[in-house]
Every structure is written in structure tokens, then in C-alpha cells.
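Nothing in this text is a laboratory measurement; each read-out follows from the coordinates by a stated rule. For clarity, every value in this text was computed on a predicted model and none was experimentally measured. Cβ sites come from the backbone with ideal geometry, for glycine too, and all protein chains shown count toward neighbours.
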There are 2 protein chains.
Amino acid sequence: MRRVEPSVLPFGRPRGERADAARNREHLLLVAREMIAEDGVEKVTMDGLAERAGLGKGTVFRRFGTRAGIFAALVDDAERALQESVMGGPPPLGPGADPVRRMIAYGRARIAFLRDHHAVVRASLDRNRPVFAGVAGMSTLHIGMLLEQIRREGRADFTDIAALTIQLTAALEGPFLLYLGATASMPEHSPDFESGPSLGDSWQDLVERVCAPTA
Amino acid sequence: MRRVEPSVLPFGRPRGERADAARNREHLLLVAREMIAEDGVEKVTMDGLAERAGLGKGTVFRRFGTRAGIFAALVDDAERALQESVMGGPPPLGPGADPVRRMIAYGRARIAFLRDHHAVVRASLDRNRPVFAGVAGMSTLHIGMLLEQIRREGRADFTDIAALTIQLTAALEGPFLLYLGATASMPEHSPDFESGPSLGDSWQDLVERVCAPTA
DNA sequence: AGCATAAGCGGACTTTACCCCGCTTATATT
DNA sequence: AATATAAGCGGGGTAAAGTCCGCTTATGCT
């Protein structure tokens, strides 16, 4: 592996992280991706990963804290592109468009993301960690922001924005986070998810109704 | 050779169940309730439960299949009352009332139920089992039925009832199923859930908007 | 370069869900 | 009442997550 940072400033990582630790993290992530590609998510065990990476089990846990942590790191990585599109890309996903349109566009993009990564996303769920602050954190933040904006523009008057934010986030992510186990692939086993567009279309319908001007 | 068909015997236990097995099941449930009351859900282990009940570990698994199964049985039991109110009780929860009002009433009742039982409900989640067919099955069925009725009465035209059913179910149950780990008690750790009525009020708001007559 | 030290590392150990399978017993039939 | 048999039972066995702690090593300082 070649050096990525010719400049001397060690600013990319949290100050304390050693070079070997960073290298090991990358390596573990790489090996994890391989194992997932070969045998699927549920075949990735901490011992197996450690052995195949030529490292000790303790190291794996030190780096990722928990099994879910590995997948969370993977998801985090994959999410980056969407995150950047939302924060700085062109409308309607990025800033500048009408907030309702942005919400629709975001939902559709997020649904596509979840559909593409559902196995890893589900595996990243940590039983003792709030999902809305973890995996769904981006959705919660963004949806909340857009609702706030809609209200500020006087286009609708919501009873409780915080509660509605959570409910909409759940409506968006819930179908993927709650529907199936990590094992089975979603589309095959559930007719409700077969039709690609329907969940996205339904999200659009939902958002348009919820954000319609109060009669 | 006569094979006993375990399919449809509408009441009681699956026909083949022996008396001692039934007795053991009840006893295990009882002991589980005690252990939960004393030390909380996560302290209930299969070995601990078996030992305290004076039974073998294998028996516990035979009865409930999985750890989650125990809690699922407990939830199922607790759910019965709500289920009966919904199917045969007085309006607006029971049949006869306007479907939108019924949906609002159902959501409020379900929220109260989930709030009261969130620890056990969360523990009843099985990683490899569709939530919408398990814990949230009642909600999925009922919400779907009401949406269907609303559409049939020509009061609103939904893009995709199946998808919307899942999304609304997720909006209703998601906050409880996804928010916190089984350990922490929800209200204390999350300001969003502190205000008792707000989630219910927000549900009402959501339902009224979604089911509003199309302009 | 040499040193001090905090970060990293490894792998044995513990805990717990879940499996297996030979033995026991309730129950229906005669 | 005796019997056949399917259901139930028990508990030892396995696998995998997560913990611990003594050893190793990168790194910053002098």
C-alpha cells in the first residue's frame, strides 16, 4: 500500500491514533468486504475476520468495539457520497430546491441506498444503541431540518416537529430496518418490496400529503 | 398412520400439545415474569430461567424456540386485551366508528401499549424474523384494513396501499422499536419521548394529513 | 540515537444462545 | 390394564461475542 499523504500534517485522524492502528483498520475493513462478498454478512465472525486478517481478536474489538461496529464503519464509508450530494450537490437533492421536493428526492435516494446496502446496514444495527442517532442519524437530521424550514416558511403547521421527524424517519427507514432478518435477501422474500419504485412513490405520496398546505 | 394436522384449530393450543408441556409453558412464563420484575429483561438467560423453573435447558428451547420467543409469548399475552378491544370493543377503537378516527384511536392505544411494555417488546424482536409479521403484525393488519376501507369509501386515493401500510406501521412502532436498546428505559434517556402525549398527538396529526380528502 | 510511555496487540477466558440425541412419559387404543 | 408411540425432557456440547491483562512497539522528546 502506498503513502497517501505526502504532507506531514497528521490531521486526518484523531490525534492519538497510531499509524499501525490506522493501517490495521483499513486492512480489516478490506478483509471484511472480501468476506462479505464471498460468503455474505452473517458468515463474518470476529474470530474469522481476525484470523484471515492475520491479527488477534482483541485487535478487532479494539478497533470496532463490537461486531456491529465493523458494519457501521462500512456503511459510514458508503454513505459519504450521498451525504455530500445532500449537503453540497445540485438540487433537488442538494440545497436550493423547494424543501418538499428535497424531502422527496432525499427519500428516494435513501431508499435506493438502503436497498443496495440492506444486508450491511442491518448488520450494523446495535441492539443497545439508538438507531435514530446511529444508522438513521443522517435521515433524522435532514428530515428535521427540512420540516423546520417548511414550518418557518409558513407552509404547514405541525403539532410536534421532533415527534414527526422521528415518525417520518421511521416511515422511511423502517421498512428496511424492520422487515427482514440480516440473512434473507429482501426483494425475493417480500412481495411488498419487489416493485422497485413503489416504496419511493409511496414516500412521495406520504410527504406530499403530510406537507400539504393546511386547508 | 394418522398424521395430526397442526394447521387450523382456532382455539386453544396446537392439538398435539401434552398436558405436562402446557403446564411447563405456563410455569416458564410465570417464572420469566418474576425474573423480569426482579432484575429486568436482559438478566433473563435461558440457563437461568431453566434452572429457576426446575427444568432442563432443552425444554425451554423446545417450548419457545429462541430467547426472543419467550418474550414474544409474553407480549402476545399482554396484547390480547388490546386485540379484543380493537376487534369487538366499543368505538372509536372497535368497529363502527369512522376509519380515520379508528386509526387515530388505535395508534394512541398502541403507543400506550408499547410505552408500557417496551422492554419486553424489544426483547421479543428476533433478528431473523420480519417484524411486520411478528410484533407489529397486529398493526400492519389493522392499518392496512382501515386504509383499504378509506379508499373504498372514496375518501382518499393512495398511491400504493401495501407500501403505505408498512410506512405507517413503521411510523407508529418505529420510535419504540428502533429508538433505544433493550437496557435503558426509554423515557429517561430520550427527551423526545418524555412528553407523554406528544407522540400520540403527532400520530393523530400525521394520520389526519395522510387521510385528508384529496384537494 | 536512546528513552519513556502510552497506545496497540494477542489470545486465553467467560458467558450465553442454541443444537443434539438418547432416555422418559403421557395418552390413545385395545 | 397393557402397550405402542409420539411428544416431551435433560443436560452436555458447540460456536461466537465480548473481556482481560501482560507483552510489544510506535512515537515524541531530549
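Can you list which of the GluC sites (Glu not before Pro) found in segment B:15-84 are DSSP loop residues with at most 15 other C-beta atoms within 10 Å?
On the way: sites: B:GLU17, B:GLU26, B:GLU34, B:GLU38, B:GLU42, B:GLU51, B:GLU79, B:GLU84; in loops: B:GLU17.
When the GluC sites (Glu not before Pro) of segment B:15-84 are filtered for loop state and at most 15 Cβ neighbours within 10 Å, B:GLU17 remain.
Subtracting the Cα-Cα distance from 0.36 nm times the residue separation, let me have the gained length for B:ASP157 to B:ALA37 in nm, one decimal.
Values: separation 120, 0.36 × 120 = 43.20 nm, distance 4.69 nm.
Between B:ASP157 and B:ALA37, full extension yields an extra 38.5 nm.
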Could you give me the radius of gyration and the Dmax of segment B:67-210, taking only the C-alpha atoms into account and expressing both in angstrom? 15.1, 45
Residues other than B:ASN128 with Cβ under 13 Å of its Cβ, Lys/Arg counted +1 and Asp/Glu -1, net out at +2
All-pairs alpha carbon distance profile, segment B:91-170, 5 Å steps from 0, percent: 3, 15, 22, 24, 18, 11, 6, 2, 0
Give the dimensionless ratio obtained when the Cα radius of gyration of segment B:19-64 is divided by 2.2 N^0.38 Å. 1.05
Find every distance from the label point of A:ASN128 to the corresponding label point in the other copies (7 Å from Cα along Cα→Cβ) and write them in nm, one decimal, shortest first. 2.4
Positive-end residue of B:LEU30, B:GLY40, B:ALA19, charge dipole of segment B:19-64 with Cβ unit charges: B:ALA19
Along each principal axis, Cα extent of segment B:10-148, largest first, Å: 51, 33, 27
Which of the lysines could be linked to A:LYS57 by a straight reach, that is with a Cα gap under 23 Å, when you skip same-chain ones fewer than 8 residues away? A:LYS43
Under the 7 Å Cα-to-Cβ spin-label approximation, A:LYS57 and A:THR214 lie apart by a distance in nanometres of 5.8
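With charges set only on the Cβ (+1 for Lys and Arg, -1 for Asp and Glu), what does the dipole of segment B:30-183 come to about its Cα centre, in debye to the nearest 20? Present the calculation step by step, with values, prior to reporting the outcome.
Values: 19 positive and 18 negative charges, 23 e Å.
Roughly 100 debye for segment B:30-183.
By how many nm would the segment from B:ARG127 to B:ASP77 lengthen if fully extended, with 0.36 nm per residue of separation less the alpha-carbon distance? Provide the component values of the computation, followed by the final result.
Working: separation 50, 0.36 × 50 = 18.00 nm, distance 2.11 nm.
Result for the pair: 15.9 nm of gain on full extension.
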